[in-house]
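Contents: one structure, followed by commentary.
The values are calculated or read from the model by the stated rules, or taken from the named source; none is laboratory data. Because the structure is a prediction, the values reported are computed rather than measured. Methodologically, a virtual Cβ is constructed for each residue, glycine included, from the backbone with ideal geometry; neighbour enumeration extends over all protein chains shown.
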Amino acid sequence: MYIGAIFFALKNNFGGIKYPVVSKVVKALLSLSHGNADVERGFSTSVLILTDNRASMSEKTLNSYMIVKYALKRYNNLPHTVPINKELLNLARIAHQKYDEYLKEKTKTKEQEHQTRVKEKIRKEEEKKRLEELELNKA
């Protein structure tokens with residue numbers, strides 16, 4: 001048994017953890033990565049994906065590319081060896097539905113932003129006319 005197991009097993013007089021704050025700190029420290037090789041590997045992969053032609057790619061799209069790349073590693077980077085089964089087809093269908101919803105929401109947001117800009121422009125023009133009328137009435 002390691003020291004952490006003994007430490008976490010210590011109880012106070014009420015049956016609770018004897019050192020709750022220390023326990024949380026130790027658990028947090030134990031969850032930290034021992035190295036950054038995985039992180040660096042991820043950066044290297046993203047550099048290969050983000051070419052000059054793809055420099056404006058969104059984070060969401062980059063993550064999707066990386067997920068596909070890592071999934072293909074299971075099949076020696078040979079896409080034709082990936083088994084097409086009901087589960088995969090269902091996941092593809094769900095992904096397509098989510099993408100359609102995303103596009104519709106994006107279109108809706110753009111339309112709302114456009115309407116807001118038009119309303120603001122009209123409001124400013126009306127304000128400008130009102131000020132001009134006030135200036136004319138003063139003169």
Completion exercise
Note on the range 9-33: residues modelled with pLDDT of 75 or more and of a type in the set (S, T, N, Q) are Asn12, Asn13, Ser31
Practice task
Sort through His96, His80 and tell me the only one that's under 30 Å from Val39 (Cα atoms) and either exposed (fewer than 10 other Cβ atoms within 10 Å of the Cβ) or in contact with a Lys or Arg (Cβ under 6 Å, 6 or more places away or on another chain) (or both).
Solution key: His80
Handout entry: Looking only at the range 40-74, and only at residues there that are small (Gly, Ala, Ser) and under 20 Å from Lys98 (Cβ atoms), the one that is modelled with the highest pLDDT
Key = Ala71
Fill in the blank from the handout: Of Glu40, Glu59, the only residue that is free of Cβ contacts under 8 Å to residues at least 60 places away in the same chain and surrounded by 10 or more Cβ atoms within 10 Å (Cβ to Cβ) is Glu40
Exercise for the section: Would you be able to tell me the number of residues in the range 83-139 that are farther than 30 Å from Leu72 by Cα and outside any helix (DSSP H, G or I)? Expected result: 1
Fill in the blank from the handout: Checking Met57, Met66 in turn, the sole residue that is out of contact with any Leu (no Cβ under 8 Å at 6 or more places or on another chain) and of a type in the set (A, V, I, L, M) turns out to be Met66
